[in-house]
1. For segment 77-106, enumerate the residues that are in contact with an Asp or Glu (Cβ under 7 Å, 6 or more places away or on another chain) and either within 26 Å of Leu379 (Cβ to Cβ) or not assigned by TED's automatic domain parsing to the domain that holds Leu171 (or both).
2. Only one of these is of a type in the set (Gly, Ala, Ser), assigned by TED's automatic domain parsing to the domain that holds Trp167 and closer than 25 Å to His347 by Cβ: Ala324, Ala247, Ala292. Name it.
3. When you go through (1) assigned to a helix (DSSP H, G or I); (2) under 30 Å from Pro180 (Cα atoms); (3) out of contact with any Asp or Glu (no Cβ under 9 Å at 6 or more places or on another chain) one by one for Phe301, which number turns out not to apply?
4. Looking at segment 456-467, which of its residues are more than 10 Å from the ligand (Cβ to nearest atom) and either closer than 18 Å to Ala131 by Cα or open to solvent by less than 50 Å² (accessible area, probe 1.4 Å) (or both)?
5. Just checking, does segment 278-286 include any residue being within 13 Å of the ligand (Cβ to nearest atom), assigned to a helix (DSSP H, G or I) and touching a residue at least 60 places away in the same chain (Cβ under 8 Å)?
6. Restricting segment 333-363 to residues that are within 16 Å of the ligand (Cβ to nearest atom), assigned to a loop (DSSP other than H, G, I, E, B) and among the hydroxyl-bearing types (Ser, Thr, Tyr), which is farthest from the chain's Cα centre (by Cα)?
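The values are calculated or read from the model by the stated rules, or taken from the named source; none is laboratory data. This structure is a prediction, so every number in the text was calculated from the model and none was measured. Virtual Cβ from ideal backbone geometry, glycine too; neighbours counted across all protein chains shown. Keep in mind that these areas ignore ligands, DNA and RNA; they rest on the heavy atoms of the full protein, side chains included. Shrake-Rupley method; radii C 1.70, N 1.55, O 1.52, S 1.80 Å.
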Amino acid sequence: MTAVAESLMLPQAASFASAEHGAFIGGTEISTDGSTIDTVDPATGRVITKIAETDAKTVDRAVESAATAFEGEWGSMLPARREELLHRLADLIEENALELAQYDALEGGKPVTYVESVDVPLAVEQFRYYAGWPTKIQGATVPVSTPNSHVYTRKIPLGVVAAITPWNFPLCQAAIKLAPALAAGNTVVLKPSELTSLSSLRLAQLAVEAGLPAGTVNVVTGTGAATGQALVSHPQVSKISFTGSEATGRHLGAEAGRSLKHISLELGGKNPHIIFADADIAKAATYAATTAYFYSGQVCFSGSRLMVERSAVDDVLAAVKEHADALVLGHGLDRTTTMGPLSSAVHREKVEGYLNTVSGTGAKVAFGGSRPKDGGYFLEPTAVVGPADSDAVVAEEIFGPVLVIQPFDSVEELMPRANSGKYGLTAGVWTNDVRKAHTVAQRLQAGTVWVNTYADYNAAAPFGGFKSSGFGKDCGPEGLEKYLETQTVWMSLA
Ligand code: NAD
């Protein structure tokens, strides 16, 4: 780790971040004997530390440990006690907020002030919300039309859950998976992205500190191809809970089909963010810019496809540019930074590749598109105006600070275009006409539609995609249901 990064961190965070890390199994971190991966600070391109590429044998140990906890202490724990422990874990996340935020800022390049104010509270909220559930998970009595029968259902946990998370929201994605899975009574083996493992490893320590029995939460670090693959194909894993790219989601869907595991997939998005000319344009444009450049656009629900009623395009573009010009690019750990780098050199090249396809399509890069400074994987906030719906910048998830702006002329022309993409994660609508707001919201093929707002998220409100954005909701009762199955018991009263 660089001295500058170290000087910006809490002493305990700097020391945890620079230590080499192995998998966390059975309540403790094990040594990194085998092969390792360098983790890199994307704001400098410098190596932070080494983490274990957990091999199949060690993954097997992690799954065994989770299976033992499931059959033992965690599986048999009374619901009220499970609630207490999940509340305690929420408290510990809150108490260690800055430390946890610094790991995601260091490895993910995210502004630490945002991680503190968005990601950490979101993680706490997940544990608090789902901590309320264990005493409320109920089956039902069933009025069957069969004589002399008493039939009832039980909601029971699935067993060992493989939780696979992406690099863009390491702490809160871990919480989004752990909280409902644990509340339902499952145990978990978590595989964070190889780019951002630190907050997940620390979270597992906090789970033990909170009093969760050893083996209830395990973490295996490493790449998807090696560690992740060994985990998802393990016969004792009952469910794959995945958040990440569409390509990996399709692969894991096939894997789950082969081994008949439960699976839920939270995948990418290319989200239409629609502004009608009758909306509060200043407010809509602020949200448009904020959600496009938040975390350098590396957000699944980024409002990255801005569709603006033609008469408002110039005003919206000017306001978005003003917001972009005010962004302060820098190291995520620096508290003055409002936009960090992209996650890796390879990812920045991929994003730039999309910008190279813009020339010759009738569209133009209105601003941005360059590397603003040496060192680190920074890219300027960028806007592309006027591309066709079939252009790659419109059809694909770029996952960078690239806002695409397209004019439209009427609701009838807009709707098929807004629904034309393969994804269906989120959408936004800005208008002061309530009838238009409801009509458009109901016609949008998206799992979440925000009206006169964007990117609101709460543990109580189901979140998850349609179409190629996946299936199986996070949050709310549905987020719990996907970690449970129903057993039907028939008793003869004859
Ligand atoms: P990715 O698919 O490359 O990796 C995600 C995780 O899967 C990582 O931990 C990776 O190591 C693992 N993985 C890869 N191959 C695997 C395999 N064969 N077996 C098991 N695990 C494997 O995605 P990413 O680049 O880390 O994340 C960005 C993507 O995540 C974007 O598409 C974004 O939209 C999506 N995302 C979606 C949501 C949502 O809620 N819908 C939230 C955050 C991110």
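1. Answer for segment 77-106, where residues must be in contact with an Asp or Glu (Cβ under 7 Å, 6 or more places away or on another chain) and either within 26 Å of Leu379 (Cβ to Cβ) or not assigned by TED's automatic domain parsing to the domain that holds Leu171 (or both): Ala101, Asp104, Leu106.
2. Values: Ala324 fails: assigned by TED's automatic domain parsing to the domain that holds Trp167; Ala292 fails: assigned by TED's automatic domain parsing to the domain that holds Trp167.
The unique qualifying residue is Ala247.
3. The failed condition is (1).
4. Within segment 456-467, Asn458, Ala459, Ala460, Ala461, Pro462 meet the criteria.
5. The first filter runs over segment 278-286 and keeps only residues within 13 Å of the ligand (Cβ to nearest atom), leaving none.
Looking through segment 278-286, none of the residues is within 13 Å of the ligand (Cβ to nearest atom), assigned to a helix (DSSP H, G or I) and touching a residue at least 60 places away in the same chain (Cβ under 8 Å).
6. It comes out as Ser344.
Quick grid of which residues meet (1) more than 25 Å from Arg348 (Cα to Cα); (2) open to solvent by 20 Å² or more (accessible area, probe 1.4 Å):
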position	(1), (2)
Val4	no, yes
Gln12	yes, yes
Gly34	yes, yes
Thr39	no, no
Ile48	no, no
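Residues checked against (1) on the phi > 0 side of the Ramachandran plot; (2) within 16 Å of the ligand (Cβ to nearest atom); (3) part of a strand (DSSP E or B); (4) surrounded by fewer than 24 Cβ atoms within 10 Å (Cβ to Cβ):
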| position | (1), (2), (3), (4) |
| --- | --- |
| Ala388 | no, no, no, yes |
| Glu412 | no, no, no, yes |
| Gly421 | no, yes, no, yes |
| Ala427 | no, yes, yes, no |
| Ala437 | no, no, no, yes |
| Met491 | no, no, yes, yes |
| Ala494 | no, no, no, yes |
